[in-house]
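Enquirer: The structure's right below; bear with me while I get my questions together.
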Amino acid sequence: MTVSDNRTLRPPVGRFAPSPSGPLHFGSLVAAAGSYLDARSRGGRWLLRIEDVDTPRTVAGAADGIIATLARFGFEWDGDIVWQSRRTEAYAAALERLKAAGHAFPCACTRREMADSALTRDGSRRYPGTCRNGLPPGRSARAWRVRAEGVIAFDDAIQGLQREDLALDSGDYVVLRADGLFAYQLAVVVDDADAGVTHVVRGADLLDSTARQIHLQHLLGFPQPDYAHLPVATNAAGEKLSKQTLARAVDEHPPAAALVTALRFLGQTPPAGLDHATLAEVWAWALHHWRLAAVPRRRQAPAIDID
């Protein structure tokens with residue numbers, strides 16, 4: 001399935017969807033600013049969603065901290081904040097549709113049983129198809145998977161043409177986990193469709209998930225958003241900035257200076273001295289001069305030191 005880029009044909013609805021696993025860091029600010037500017041610079045709407053469906057990774061108080069930081073940095077979102085943890089009925093309904101159409105099947109396999117399987121693009125283990133045609137005798141379902149079939153191709157506005165053979169590059173993927181939680185792939189597809197999101201601007205660490213999400217959109221009859229995957233900010237060791245790599249909270253820095261640094265990381269050219277301007281002046285300049293075409297066409301880049 002090949003889909004062309006329709007960025008100029010639809011009014012933009014963008015979104016930022018952080019996981020509340022810790023405070024916002026520079027990489028988070030880059031993703032938020034890129035999605036915000038892409039939507040707002042074209043008169044579009046920008047939504048905020050808290051992706052807390054993966055409850056074991058959720059840190060108490062992190063979501064409130066993220067919301068407060070975004071407000072402090074001048075981000076303004078449209079409508080109410082969406083919380084994935086409150087949308088399990090929508091995910092369950094989507095799964096039932098997949099089951100009814102024969103696209104999803106129960107799986108009894110454990111991680112240990114898949115330990116020798118080949119790796120997929122995103123580093124996970126490719127499912128060997130053990131339960132694809134029915135559960136083995138004496139085994140019960142632990143999870144539900146979607147049959148990965150066909151080739152997905154899409155034109156990413158930053159990373160260019162992407163092509164993935166689902167069976168070879170991903171394998172049958174989980175939509176309901178063994179712990180009873182809905183998988184990210186299903187939740188994000190349902191959320192974007194229900195919110196009417198037309199343009200997904202996010203970090204390139206999620207680029208390898210996109211083909212599976214487009215596959216689910218096709219199976220569920222949802223419209224496909226346009227995608228633009230920003231370079232991921234890395235530390236000196238080349239690791240993605242995250243809580244695990246001890247990335248500093250962006251809230252430790254003056255908002256205007258941090259935002260200007262994020263703009264430079266995104267290939268924009270703010271004038272000298274803008275980091276000493278007011279936050280409102282920085283946003284005004286950014287909205288007027290934003291160019292998605294200037295964003296570096298690479299998957300990752302070293303973070304710029306805000307200090």
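Enquirer: Compare the Cα positions of 203, 253, 187 along the charge dipole of the range 154-272 (+1 at Cβ of Lys, Arg; -1 at Cβ of Asp, Glu; about the Cα centre) and return the one farthest towards the positive end.
Expert: Sorting the options by dipole projection puts first 253.
Enquirer: With every protein chain left in place and a probe of 1.4 Å, what is the accessible surface of residue 305, to the nearest 10 Å²?
Expert: 110
Enquirer: For the range 1-158, with all protein chains present and a 1.4 Å probe, just round the carbon and sulfur fraction of the accessible area to a whole percent.
Expert: Of the solvent-accessible surface of the range 1-158, carbon and sulfur hold 50 percent.
Enquirer: Per-residue accessible area for residue 36 at 1.4 Å probe radius, Å² rounded to 10?
Expert: Approximately 10 Å² for this residue.
Enquirer: Moving on to the next point. Please list the non-local residues whose amide H lies under 5 Å from the amide H of residue 19, H modeled 1.01 Å from N, same-chain partners needing a gap of 5 or more.
Expert: 51
Enquirer: Among DSSP beta bridges lying fully in the chain, give the percent that are antiparallel, nearest 5.
Expert: Of the beta bridges lying entirely in the chain, close to 50 percent run antiparallel.
Enquirer: If you place +1 on the Cβ of every Lys and Arg and -1 on the Cβ of every Asp and Glu, how big does the dipole about the Cα centre of the range 95-183 come out, in debye to the nearest 20?
Expert: For the range 95-183, the charge dipole is close to 480 debye.
Enquirer: To continue, here is another question. Net charge near residue 116, counting Lys/Arg +1 and Asp/Glu -1 over other residues with Cβ under 12 Å of its Cβ?
Expert: Summing Lys and Arg as +1 and Asp and Glu as -1 gives +3.
Enquirer: How many angstrom lie between the C-alpha centres of the range 137-193 and the range 44-88?
Expert: 23
Enquirer: How large is the helix-only mean residue ellipticity at 222 nm for the chain, computed as the sum of -39500 (n - 2.57) over DSSP H runs with n ≥ 4, divided by its residue count, in deg cm²/dmol to the nearest 500?
Expert: One gets -8500 deg cm²/dmol as the mean residue ellipticity at 222 nm.
Enquirer: Turning to a different aspect of this structure: Using the Cα centre of the chain as the reference point, and only Cβ charges (+1 on K/R, -1 on D/E), how large is the resulting charge dipole? Debye, rounded to the nearest 20.
Expert: 660
Enquirer: Can you tell me, using C-alpha contacts under 8 Å and at least 6 residues apart, the relative contact order of the range 1-150 as a whole percent?
Expert: 20
Enquirer: What order, most packed first, do the peptides 12-19, 82-89 have when packing is the mean number of other Cβ atoms within 10 Å of each residue?
Expert: 12-19, 82-89
Enquirer: What percent do you get for the relative contact order of the range 97-169 when only Cα pairs under 8 Å and 6+ apart count?
Expert: 31
Enquirer: Rounded to the nearest whole Å², what accessible area per residue is found for the range 135-254 with the 1.4 Å probe?
Expert: Ligands and nucleic acids excluded, the figure is 39 Å² per residue.
Enquirer: While we're here: I'd like the orientation of helix 184-195 relative to the chain: the angle between its Cα long axis and the longest Cα principal axis, in ° from 0 to 90, rounded to 10.
Expert: Its long axis makes an angle of about 60 degrees.
Enquirer: Sticking with this structure for a sec: What's the magnitude of the charge dipole for the range 1-101 around its Cα centre, counting Lys and Arg as +1 and Asp and Glu as -1 at the beta-carbon? Answer in Debye, nearest 20.
Expert: 260
Enquirer: Based on the mean of other beta carbon atoms within 10 Å per residue, what is the order of 57-63, 230-236, 43-49, most packed first?
Expert: Most protected by this proxy first, the peptides run 230-236, 43-49, 57-63.
Enquirer: Follow-up. Over the chain, what is the relative contact order in percent, taking alpha-carbon pairs closer than 8 angstrom and at least six residues apart?
Expert: Averaging sequence separation for qualifying contacts and normalising by length gives 23 percent for the chain.
Enquirer: Working from Cα positions, state the angle (0 to 90°, nearest 10) between the long axis of helix 255-265 and the longest principal axis of the chain.
Expert: 70
Enquirer: Still on this structure, I have one more. Rounded to the nearest 10 Å², what accessible area does residue 55 show when all protein chains are kept and the probe is 1.4 Å?
Expert: We get 80 Å² for residue 55.
Enquirer: Still on this structure, please answer the following. In degrees, nearest 10, range 0 to 90: what is the angle between the Cα axis of helix 210-220 and the longest Cα principal axis of the chain?
Expert: Between the helix axis and the principal axis of the chain, the angle is about 60 degrees.
Enquirer: Moving on. Please list 249-255, 271-277 highest first by mean number of surrounding beta-carbon atoms within 10 Å per residue.
Expert: Per-residue mean Cβ counts within 10 Å order the peptides as 249-255, 271-277.
The values are calculated or read from the model by the stated rules, or taken from the named source; none is laboratory data. Worth saying up front: this structure is predicted, and the values here are computed from it rather than measured. Cβ: placed from backbone, ideal geometry, glycine included. Neighbour counts: every protein chain shown. Remember, those area values only see protein heavy atoms, side chains included, never the ligands or the DNA or RNA. Shrake-Rupley method; radii C 1.70, N 1.55, O 1.52, S 1.80 Å.
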